[in-house]
Each structure stands twice: as C-alpha cells, then as structure tokens.
Amino acid sequence: MTVDSMYQEIILDHYKHPHHRGLREPYEVEVRHLNPTCGDEITLRVHVEGSAEEGWRVADVSYASEGCSISQASASVMADLVIGKDIDAATAVYEDFLTLMQSKGQAEPDEDVLEDAIAFVGVSRYPARVKCALLAWMAWRDATTQATEGSPT
Amino acid sequence: MTYDVARIRKDFPILDREVRPGVPLVYLDNAATSQKPHAVLDAMRDYYEQSNANVHRGIHTLAEEATALYEGARDKVARFINAPDPREVIFTKNSSEALNLLAHTLPFGPGDEIVVTEMEHHSNLVPWQLACARTGATLRWVGLTDEGRLNLADLDRVITARTKVVAFVHQSNLLGTVNPVDVVAAKARSVGAYVVLDASQSVPHMGIDVQALDVDAVAFTGHKMCGPTGIGVLWGRFDLLDELPPFLGGGEMIDEVTMAGSTWAQLPHKYEAGTPPIAEAVGLGAAVDYLTELGMPAIRAHEHDLTVYALERLQDVEGLRIIGPTTADDRGGAISFALAGIHPHDVGQLLDEVGVAVRVGHHCARPACLRYGVPATTRASVHLYSSRTDIDALVEGLTHVRAFFSS
Ligand SMILES: Cc1ncc(COP(=O)(O)O)c(C=O)c1O
C-alpha cells in the first residue's frame with residue numbers, strides 16, 4: 001500500500017484543473033462547510049429547478065474552496081456527477097460515494113455510477129483523509145436539502 | 001558529560017520501530033506528544049504489578065505504598081519547577097483541565113476584562129471565552145507581529161485597570177515563539193491582575209522555575225514531557241489556591257460532608273476530586289527524574305542547536321515559508337511552515353510515506369493561523385531525543401513532496 005494509490009492520476013488531474021469551480025448565479029442556497037481539524041473549507045451554491053410535485057433537478061453547483069488535493073479533487077468530481085441529474089439520481093450517487101468512502105479500500109465501485117469518483121477508493125484506506133473527500137459532498141447534500149425542503153412549492 | 005543522542009535514543013523503544021517494512025520512524029511530532037522512555041514505562045508497570053491500591057484511604061501496606069508513590073511524584077514535580085511547597089502542585093488530567101480550573105475559580109464578573117494573546121492554544125482561549133460568557137466579563141487579546149512574536153506595543157492598550165487576569169502561553173506550539181514572561185507579567189502586576197502561564201510547551205523543553213517567574217499559576221501536561229497521558233499539573237501560589245473555591249466536587253476533596261452542605265479539604269486535595277490518576281502520577285514522577293538526570297539546560301541546548309540547524313536547512317527548501325520566527329533566538333523547536341502551492345495535508349501524507357511523522361492542520365491555534373493567512377500549516381517539532389538525521393530526513397522528504405506535485 002503506497003500513497004500512489006491514493007493520489008491517482010484522475011485525482012491529481014481534477015486537483016490541478018478543477019471543473020465547475022467559482023461561485024455562480026443563480027442559486028437558491030449557499031452553504032459553508034469546514035473541516036475543523038485541518039482547515040479545509042468550501043463555500044458551495046446550488047441551483048435547483050422543479051417542484052416537490054414534479055421532482056427537482058440539480059441545475060447547477062458552483063463552489064469556492066481551499067484545501068488539500070483530495071478535498072479539491074472531490075469537489076470537482078462531485079460537481080461533474082450531480083449537475084444536470086434529478087435529485088433522486090444525484091442522491092443515489094451521493095450514497096454510493098458515501099459507501100465507497102466507508103469501505104476502507106475494500107469496495108469495488110461501479111464505474112457506470114461513480115465515474116471518476118471510483119479513483120477515491122484508495123483514499124478510503126486513510127481514515128484521516130476520508131473527511132477531506134466527503135467535505136464537498138456533505139456541503140452539496142446540506143445545500144440541496146435546504147433548497148428543496150426550504151423553498152415554497 | 002557530553003549529550004549523547006545515540007545513547008539517549010536507546011531509552012525510547014518506539015524510536016526503533018519501522019512505520020512499514022524498511023521505513024524507519026522519524027518522529028517530528030513532539031509538540032503534540034512526546035515518546036516515553038523505558039524508565040517511565042517500567043515505573044508504571046512496577047506500580048501496577050507491585051503496589052496498586054487506592055490512595056489516601058486505607059491502612060494496608062499497598063495503600064500506604066501507593067499513597068507514598070503518588071505523593072512522592074508530587075514532591076518530584078514540585079522540586080522540578082522549584083515550587084516552594086508541594087501542596088501547590090495539583091494533579092489534573094492535562095493542561096486543558098488545569099486552565100479550565102482557573103477559568104472557573106478566579107474571581108471576575110461584568111465589567112472586568114480577561115486578557116489572552118492571539119497565539120494561544122485553544123486550551124488557553126476557549127475556557128476564558130466560556131468564562132466570559134458565564135460571568136459577563138470581556139475577553140481581550142494581545143496581537144502578533146509579522147515575525148511571529150507578541151506585539152508588546154499592544155500591552156498598554158489591552159492591559160488596563162479593568163484587567164483581572166492575564167493568561168498567556170510561554171512557548172507557542174504553533175510558532176515556536178518563547179514569550180517574554182517578565183515583560184507581560186510586570187504589566188499585569190502593575191494593574192493588579194492575576195498572571196496565568198500556559199507552560200505546556202516550555203516545561204518539557206527548557207524547564208521552569210515558578211519562583212523566578214513572577215506568575216500566579218502555571219499549567220502543563222505530562223504527555224509532552226516524556227510522561228504518560230492522563231495527567232497534567234496546575235501549580236498555583238499557595239495563598240491564591242487556598243482562597244479560591246473548589247472546581248470539581250466529589251470524594252477526597254471534602255473535609256466534612258452533611259446533607260446540608262460540605263466543607264473543603266486542604267490543598268492540594270481540595271482540587272483533586274475522586275480517585276486520581278495514580279499510575280500516571282508515578283509515570284510523571286519517573287519522567288521528571290529522567291529529565292532531571294539529563295539536565296534541562298543540556299536538553300535546552302541540544303534542542304536549540306537542532307532548531308538552528310532545522311531553520312537553516314528548511315529555509316533552503318524552495319517555496320518554503322516559515323510561519324513564526326525565522327531565527328532560533330527566543331524560540332523553541334516547533335517549526336511551522338507552508339510549502340508553496342501544496343496543502344499541508346498532502347505534505348503530511350507524503351512525508352508519512354517516507355516515515356516522517358509531522359503534524360498538519362491548525363494545531364489548535366486557529367486564530368494565529370488566520371493571523372498569518374494560512375488555513376493550516378505543516379509543523380515539525382523536536383524533542384530531547386531528536387537528531388540532525390531526523391531533520392535531514394525531513395528536508396529530503398520535502399524534496400520528494402515537491403517533486404511529486406510538480407510532475
Ligand atoms: C501550548 C499548549 N497549551 C495547551 C495544550 C493542551 O494540552 P492538553 O491537550 O494535554 O491539555 C497544548 C497541547 O496540545 C499546548 O501545546
């Protein structure tokens with residue numbers, strides 16, 4: 001086991017060239033999440049379309065973040081995965097990613113669902129880094145819940 | 001006798017281990033906690049194997065031995081810090097508990113001010129924030145200079161007739177800075193404020209003399225000074241501790257108890273409710289013996305040498321910026337730094353790959369990190385058993401980190 005399997009090429013690519021970065025309009029909810037122990041932080045906005053009756057769609061996710069390569073790459077991969085999906089589908093991906101990160105390196109993730117996020121399987125072996133990988137996802141989940149439950153139907 | 005690091009390292013079994021096959025441990029996280037010598041481990045084991053009993057309440061042989069060992073540890077600690085009276089030495093769980101004890105018992109209220117500094121460990125900041133919220137007192141702080149030192153020009157502005165307590169760190173765990181206790185204490189004295197010193201990082205690396213320092217109370221923690229976890233020390237002037245109210249209630253801390261009320265035991269027992277950390281006290285006593293035998297001046301000189309060497313070598317690493325004083329004057333061997341374009345987490349992870357253990361994060365001193373515009377730092381910190389080889393491994397590791405992220 002070496003860190004090379006944590007710092008996969010895919011992760012380093014997303015870290016060096018993050019997707020969907022920067023805070024954009026329009027948005028319904030903005031959240032700020034921190035990793036208190038290491039100082040990683042993210043400000044994340046979600047823009048949703050739809051209603052409780054017809055269902056919601058993730059129209060956009062934008063973010064500004066500071067932190068280690070794992071937390072930065074994870075935000076980029078997350079935005080790729082959820083933008084344009086129905087909330088239910090995006091939430092299913094979120095749950096798969098959570099399971100992957102709890103797997104201690106044992107999971108065999110489904111590339112069709114998780115796409116680039118499968119590269120994080122190595123990170124799940126390092127308990128101290130799991131929360132870095134989850135930071136953006138937790139922020140997205142929080143913002144999306146607020147946007148869909150908090151807004152009038 | 002010269003200071004023989006190779007021989008000293010043999011006293012610390014953990015320093016022999018490999019982090020993974022073929023990768024020896026290079027331990028540079030000493031500001032977080034120190035490693036333990038055989039002498040400490042043996043003393044605790046002997047205690048449990050030979051003398052284990054509860055203290056202060058029993059007339060059988062083991063109880064008497066355990067009490068003698070526990071109180072003997074108090075005497076050793078008292079001598080180590082030159083306390084005039086061992087009853088001034090209170091055993092706590094750690095520094096944090098000692099500081100919370102003071103924040104709960106020192107007298108202040110609405111309109112009064114508590115002064116700390118911007119370089120405090122959260123343990124010497126949050127208890128005072130809580131105390132202010134509880135009592136209506138106001139928290140103020142002394143700022144820092146760009147070089148990582150206290151802004152002494154702030155003292156006259158911040159410490160005023162309203163100041164009731166000035167609580168500050170002797171040696172910063174984040175910046176390494178050693179603060180001029182005499183200057184701050186003199187200012188505090190001039191307005192009649194109590195002076196509290198967080199000596200968590202100074203006692204292990206240079207020792208202190210509580211009679212020479214003009215302070216009222218001092219906190220430090222066993223695990224950073226080659227002792228076990230689970231024990232810390234509050235030292236306070238006898239007259240002060242004697243008049244302050246109790247902190248935690250329970251067994252051992254009482255004199256007379258009725259259903260209607262209680263009276264308090266004499267010092268030090270008034271502040272030691274419940275069964276104390278006996279084996280830990282024995283271990284701390286052994287640690288103090290160990291440090292005393294090496295000699296605090298010799299330990300300090302060795303670490304100073306290493307700090308000079310480390311600062312010099314680190315500043316040769318491209319893109320590396322030291323957060324804190326860049327020279328070894330009035331400075332200890334905890335060295336925080338930022339590596340351009342690479343987050344401390346990634347630095348720490350890749351250093352671990354080559355066996356080098358450092359700390360990354362805000363080191364429980366987030367306000368100071370914010371002051372220097374960094375969310376986190378990488379920190380390497382030495383102890384009495386550290387060597388130049390450790391520093392060389394760090395510098396080599398950092399070259400590896402830079403190469404990894406520049407590819
Ligand atoms: C300066 C300083 N103060 C207080 C503490 C708290 O020590 P403990 O965690 O043992 O209570 C530490 C150690 O982390 C420290 O470095």
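The table below gives the values:
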item	result
Selection count where residues are at pLDDT 95 or above, assigned to a loop (DSSP other than H, G, I, E, B) and among the acidic types (Asp, Glu), scope region A:23-63	2
Residue in region B:358-367 that is more than 19 Å from the chain's Cα centre (by Cα) and outside the structural domain of B:Gly176 (by TED's automatic domain parsing) present	no
Residue match in region B:245-261 (condition: within 16 Å of the ligand (Cβ to nearest atom), assigned by TED's automatic domain parsing to the domain that holds B:Asn94, touching a helix residue (DSSP H, G or I) at 6+ places or on another chain (Cβ under 7 Å) and touching a residue at least 12 places away in the same chain (Cβ under 8 Å))	yes
Only one of A:Glu149, A:Glu95 that is out of contact with any Phe, Trp or Tyr (no Cβ under 8 Å at 6 or more places or on another chain), at pLDDT 95 or above and part of a helix (DSSP H, G or I)	A:Glu95
A:Ile87 vs. criteria touching a residue at least 60 places away in the same chain (Cβ under 8 Å) and in contact with a Phe, Trp or Tyr (Cβ under 6 Å, 6 or more places away or on another chain)	yes
Pair list, Cβ under 9 Å, 6 or more apart: region B:131-142 residue closer than 13 Å to B:Val166 by Cα, other residue among the β-branched types (Val, Ile, Thr) and in a loop (DSSP other than H, G, I, E, B)	B:Arg140/B:Ile159; B:Arg140/B:Thr160; B:Val142/B:Ile159
Any hit, region B:383-402, residues being more than 14 Å from every other protein chain (Cβ to nearest Cβ), under 12 Å from B:Leu175 (Cα atoms) and of a type in the set (A, V, I, L, M)	no
Filtered residues of region B:24-39 (kept if of a type in the set (A, V, I, L, M, F, W, C) and within 16 Å of the ligand (Cβ to nearest atom))	B:Leu28, B:Ala31, B:Ala32
Matching residues in region A:26-85 - criterion: being among the small types (Gly, Ala, Ser) and away from chain B (no Cβ under 14 Å)	A:Gly50, A:Ser51, A:Ala52, A:Gly55, A:Ala59, A:Ser62, A:Ser76, A:Ala79, A:Gly84
Conditions (1) part of a loop (DSSP other than H, G, I, E, B); (2) touching a Phe, Trp or Tyr at 6+ places or on another chain (Cβ under 6 Å); number of the one not met by A:Pro18	(2)
Helices (runs of 4 or more DSSP H) wholly inside region B:340-407 that include at least 2 residues being in contact with a strand residue (DSSP E or B) (Cβ under 6 Å, 6 or more places away or on another chain) and within 30 Å of B:His38 (Cβ to Cβ)	B:388-406
Which numbered condition B:Thr221 misses (of (1) out of contact with any His (no Cβ under 7 Å at 6 or more places or on another chain); (2) polar (S, T, N, Q); (3) within 16 Å of the ligand (Cβ to nearest atom); (4) over 25 Å from B:Ala301 (Cα atoms))	(4)
Among the candidates B:Ala185, B:Ala199, B:Ala212, residue that is within 20 Å of B:Pro86 (Cβ to Cβ), small (Gly, Ala, Ser) and in contact with a strand residue (DSSP E or B) (Cβ under 6 Å, 6 or more places away or on another chain)	B:Ala199
Residue tally, condition under 18 Å from B:Asn124 (Cβ atoms), away from chain A (no Cβ under 11 Å) and not charged (D, E, K, R), over region B:360-380	3
Region A:117-133: number of residues that are part of a helix (DSSP H, G or I), over 21 Å from A:His33 (Cβ atoms) and within 17 Å of the chain's Cα centre (by Cα)	3
Residue in region B:157-176 that is assigned to a helix (DSSP H, G or I), within 14 Å of another protein chain (Cβ to nearest Cβ), within 16 Å of the ligand (Cβ to nearest atom) and not aromatic (Phe, Trp, Tyr) present	no
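Results for (1) part of a loop (DSSP other than H, G, I, E, B); (2) under 20 Å from B:Pro367 (Cα atoms); (3) within 14 Å of chain A (Cβ to nearest Cβ); (4) within 16 Å of the ligand (Cβ to nearest atom), shown as yes or no for each residue.
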residue	(1), (2), (3), (4)
B:Asp75	no, no, no, no
B:Ala83	yes, no, no, no
B:His104	no, no, no, yes
B:Gly109	yes, no, no, no
B:Val115	no, yes, no, no
B:Ala133	no, yes, no, no
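The values are calculated or read from the model by the stated rules, or taken from the named source; none is laboratory data. Note that the structure is predicted; figures quoted are calculated from it, not measured. Every residue, glycine among them, receives a Cβ derived from its backbone with ideal geometry; neighbour counts consider all protein chains shown.
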